[in-house]
Amino acid sequence: MGDTANLIVINGTETTFEPGDTILDAARRIGIDIPTLCHLKGATATGACRVCLVEVQGARSLVAACAMPAAPRMVVATESAKVVTARRLVIQLLLASGNHNCLVKGSDGRSFEAYAERLARAGGNIEPCPAWGDCRLQELAWRYEVTGGRFSPTPPRYPLEDVNPFIVRDFSRCILCGRCVQACNEVQVNQAIHFGYRGARSKIIAAGDRPYRESDCVFCGECVQACPTGALVEKEARHAVRPWETRRVRTTCTYCGVGCQTELHVKENRVVKVTGVPGAAPNDGRLCVKGRFGFDFIASPERLTTPLIRENGSFRQASWEEAAGLVARRLTEIRAAHGPDSIGVLTSARITNEENYIAQKFTRAVVGTNNIDHCARL
Ligand code: FES
């Protein structure tokens, strides 16, 4: 080995690390997957969940890879027997910490029904989790073949909160990983939610423990996107759609000129949910309330499906040909009488980017004016 100033060995592979790297960073750079739950990219490492425990040669105990800085000549094992035993215990404790009735079955071989019975006796809600199939905890339980019967499930301490316009909070499925708090405070810098109470009564609270809608929350939904379980879910999508039933369509948000990258979750040609695209500029997964939740108009039954022409102060239905013909005739007359700059066109965030492009092209190239604007600037 030559200069060992920034060399680390992970699972027998020697690699270099950058100043400020954690063991997790160094491992990910060479494609070694250390599981995480509380780790949120770009936020301060909290080491809260302990799922990322790894073995460092010479260390007295296992260390959290997400919080431990990489150091020269460190020798790390990420899946040793000791690590896997500890990780399985952590997952078992997390499963028992609340209402996680997804893939678990008794370690004594009893069925899910038996577990559900015990959970129900403890006051737990056995309704299927809305995050089933899209839950990091469930995924890790499956990966490490963890069953839920070793520890008795903890009864829910706080009722479900569904009074908010866009977000349902199910405290019984919260593992207190703190990702939502970091997403709110460090990523979006909204400072709306925090840890409240202490010990077994710990809870994520807003405005001194009030519903989101009575707090400073702006409903950007960053907390929902950060939640690794079913504790925070989109109200519209909750129990309306399963994750594997949707097709994801990458697109650009139409609401303003920033160009945030979004993924539309589409079921049977209907948008049921919108998420940001992590790692994609300019928003790196972040969205505002409009981009994330403002899509209900797409399938609204109140949408006009027939053109209306105003006559004598009231509207009458018309065909598309008649409406388009009337608009073309009136625009031509106005332009001939007063010039192209007497016409202005306002476009909408509720049409597609392509339609907005066509509208500006029509305004400039056909009408002959630069009087084109968009509702985002009104
Ligand atoms: Fe490292 Fe949670 S991911 S402690």
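From the list Leu40, Leu119, the one residue that fits, being over 28 Å from Glu14 (Cβ atoms), at pLDDT 95 or above and surrounded by 14 or more Cβ atoms within 10 Å (Cβ to Cβ), is Leu40.
Evaluating Ala206 against the criteria (1) more than 16 Å from the ligand (Cβ to nearest atom); (2) closer than 25 Å to Leu94 by Cα; (3) out of contact with any strand residue (DSSP E or B) (no Cβ under 9 Å at 6 or more places or on another chain); (4) modelled with pLDDT of 95 or more leaves one unmet condition, (3).
Within the stretch 192-208, is even one residue under 30 Å from His374 (Cα atoms) and without any contact (Cβ under 8 Å) to a residue 60 or more places away in the chain? No: the stretch 192-208 contains no residue that is under 30 Å from His374 (Cα atoms) and without any contact (Cβ under 8 Å) to a residue 60 or more places away in the chain. Within the stretch 265-296, the residues that satisfy the criterion of being in contact with a Lys or Arg (Cβ under 6 Å, 6 or more places away or on another chain) and under 26 Å from Tyr212 (Cβ atoms) are His265, Val274, Gly276. Return yes when Cys180 is outside any helix (DSSP H, G or I) and in contact with a helix residue (DSSP H, G or I) (Cβ under 9 Å, 6 or more places away or on another chain) and no when it is not. For Cys180, the condition - outside any helix (DSSP H, G or I) and in contact with a helix residue (DSSP H, G or I) (Cβ under 9 Å, 6 or more places away or on another chain) - is not met.
Of these, Val258, Val274, Val218, Val241, which one is part of a strand (DSSP E or B), over 23 Å from Leu94 (Cβ atoms) and of a type in the set (A, V, I, L, M, F, W, C)?
One residue alone meets the criteria, Val274.
Filtering Asp216, Asp162 for residues that are away from the ligand (no atom under 16 Å from the Cβ), out of contact with any strand residue (DSSP E or B) (no Cβ under 7 Å at 6 or more places or on another chain) and acidic (Asp, Glu) leaves a single hit, Asp216. Among the residues examined, Glu322 does not qualify as modelled with pLDDT under 95, in a helix (DSSP H, G or I) and loosely packed, with under 15 Cβ neighbours inside 10 Å. With respect to (1) in contact with a strand residue (DSSP E or B) (Cβ under 6 Å, 6 or more places away or on another chain); (2) farther than 20 Å from Tyr255 by Cβ; (3) not hydrophobic (A, V, I, L, M, F, W, C), the lone exception for Gln360 is condition (2). Restricted to the stretch 1-15, and to residues there that are surrounded by 15 or more Cβ atoms within 10 Å (Cβ to Cβ) and not in a loop (DSSP other than H, G, I, E, B), the residue that is nearest to the ligand (Cβ to nearest atom) is Ile10.
Anything in the stretch 16-33 that is assigned to a loop (DSSP other than H, G, I, E, B) and either within 16 Å of the ligand (Cβ to nearest atom) or on the phi < 0 side of the Ramachandran plot (or both)? List them, or say none.
Once the filter is applied, which keeps residues that are assigned to a loop (DSSP other than H, G, I, E, B) and either within 16 Å of the ligand (Cβ to nearest atom) or on the phi < 0 side of the Ramachandran plot (or both), the stretch 16-33 yields Phe17, Glu18, Pro19, Asp21, Ile30, Ile32, Asp33.
The set of residues in the stretch 34-62 that are within 12 Å of the ligand (Cβ to nearest atom), more than 21 Å from Glu222 (Cβ to Cβ) and not β-branched (Val, Ile, Thr) comprises Pro35, Gly47, Arg50, Cys52, Leu53, Leu62.
Among the residues making up the stretch 5-32, those that are more than 12 Å from Cys66 (Cβ to Cβ) and in contact (Cβ under 8 Å) with a residue 24 or more places away in the chain are Ala5, Asn6, Leu7, Ile8, Val9, Ile10, Asn11, Phe17, Gly20, Ile32. Any chance the stretch 15-31 includes a residue that's over 33 Å from the mean Cα position of the chain (by Cα) and more than 28 Å from Asp134 (Cα to Cα)? Within the stretch 15-31, none of the residues are over 33 Å from the mean Cα position of the chain (by Cα) and more than 28 Å from Asp134 (Cα to Cα).
Could you grab the pairs with beta carbons closer than 6 Å, sequence gap of 6+ or different chains, first residue in the stretch 58-70 and in contact (Cβ under 8 Å) with a residue 60 or more places away in the chain, second one within 11 Å of the ligand (Cβ to nearest atom)? Qualifying pairs under 6 Å: Ala70/Ile23. Here Glu333 does not fit the description of being under 30 Å from Ala237 (Cβ atoms), among the charged types (D, E, K, R) and either over 29 Å from the mean Cα position of the chain (by Cα) or loosely packed, with under 11 Cβ neighbours inside 10 Å (or both). Summed over the stretch 349-378, residues that are in contact with a Pro (Cβ under 6 Å, 6 or more places away or on another chain) and either surrounded by 14 or more Cβ atoms within 10 Å (Cβ to Cβ) or among the acidic types (Asp, Glu) (or both) total 2.
The values are calculated or read from the model by the stated rules, or taken from the named source; none is laboratory data. It should be emphasised that the depicted structure is a prediction, and the values quoted were computed from it without experimental measurement. So basically every Cβ, Gly included, is an ideal-geometry build from the backbone, and we count neighbours across all protein chains shown.
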